[in-house]
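Trainee: Have a look at the structure that comes next, please.
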Amino acid sequence: MERRRVYLDHTATTPLAPGVLDAMEPYLTERWLSPAGLYRGARALRRELEDARRRVAQLLGAEANDVVFTSSGTESISLAIRGVALASQHRGQHIITTQIEHRAVLDSAKQLEKQGWRVSYLPVDSAGVVDLAALESALDAETTLVSIMLANNEVGSLQPIQEAVRIVKAHGPAIPVHVDAVAAGGFVPIEVQRLGIDLLSLSSHKVGGPKGAGLLWMRRGVLLQAQILGGDQERGRRAGTEDVPAVMGMARALELALPTTEERGEAMRRLCTRLVDGVRESVPRTVVTGHPTERLPHIASFCFEGVDGEALLLQLDVQGVAAASGSACTSATLEPSHVLRAMGVPPALAEGNLRLSLGVENSDEDVDYVVRLLPGVIERMRQLRK
Ligand code: PLP
């Protein structure tokens, strides 16, 4: 079989989309001033940065002043969770999230627990969808924040955010709802008013933008305590000189991705169906995880019985395929995926997890290469285990 190089780990990161580098280039070279300066070039730079903020806000259906630029999705999430919890602790010290969040959420929540907060981690069903009845019963008079991801980055399941918002607001209209939309951005609509939420986190490098940028949108009136101190940037919500080139690159990437969400989603769904059907037909003892229909269009998650996920990744790498098992950010720890555990996947089966996440540059040939490759690789691994 002809050897190819196929990148199928787009939930970890994506290549720069065409045009993004061009949007960044002037700010890496001749327009290098600080946007805080009070001289001619710097004032122009400030206007351009604020214009990028306005354009990004418009894509989200939001106001420019409510967008905070951060260095990553992780920073945005950490600012949302810790920032809201600490700013509203006089009202209560209880927050609610789910068992399947990214570590950016879970580690922020665990840190708050150490500082005296109560945290409810909502369970999910076997399709990886959050239990709304558990949300209803977890809400109490002390609850000051609810954080639920829009879509899970490991198995792709979409979460019922609008229903969750209705439940939260019926209990307490002032309780803010934060959504981690890092995995979902560019693949499902994320207009903040339609979702009815109060805070939203996005990352640049998951949608064809550069690393080093993310954003937090927050509804006006939500209390937030800055987590990085030392300056008045971002209206006092996030100190530090703005990474202008990265923000400009993120703005261009979002301008390319968000208005074409539907077409991108359709293209990814077609490729992903070809991949999932191909693997299901050619590899026996395969379980496809995540919700069968309410899911991100570009993520396929499999569990292969009798296979070690890490060894499988190494075998695929030898054959030119870059993939992941569990979350890309935690795969280095080799812990069984907390998401699959929460979904009730038996540990022995979860061990054989493979996540293939497609991107706009993938082709039918890429998918067919993997579908031809996998049965042999898995068969050999199963034989070795006997
Ligand atoms: N949230 C989710 C759902 C993710 O998938 C990731 C990254 O994998 C993050 C947050 C963290 O984003 P960043 O890499 O920009 O820090």
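Since every read-out is calculated from the coordinates, none of them should be taken as a lab result. Everything numeric in this text was worked out from a predicted model, so none of it was measured. When we count neighbours, we look across all protein chains shown, and the Cβ atoms used for this are built from the backbone with ideal geometry, even at glycine.
Trainee: Only helices at least 18 Å long along their axis, Cα-based, and averaging -1.0 or more on Kyte-Doolittle count here, so list those DSSP H runs from the chain.
Mentor: In the chain, the long hydrophobic H runs are 40-60, 73-87, 244-257, 261-282, 364-385.
Trainee: What order do you get for TYR121, TYR39 when you list them from fewest to most C-beta neighbours inside 10 Å?
Mentor: TYR39, TYR121
Trainee: Separate question: If I take the Cα coordinates of the chain and project them onto the principal axes, what are the three extents in Å, biggest first?
Mentor: Result for the chain: principal-axis Cα extents of 67, 53, 33 Å.
Trainee: Let me check I've understood the local charge: for SER157, count other residues with C-beta under 10 angstrom from its C-beta, Lys and Arg +1, Asp and Glu -1. What total comes out?
Mentor: In short, -2.
Trainee: Would you mind telling me which residue in SER157, SER71, SER357 has the biggest mean-square fluctuation in a Gaussian network model of the chain, where springs connect alpha carbons within a distance under 10 angstrom?
Mentor: Comparing SER157, SER71, SER357 in the GNM, the peak value goes to SER71.
Trainee: Can I ask one more? Which semi-axis lengths, in whole Å and largest first, follow from the square roots of five times the eigenvalues of the Cα gyration tensor of the stretch 1-96?
Mentor: Equivalent ellipsoid semi-axes, largest first: 31, 28, 12 Å.
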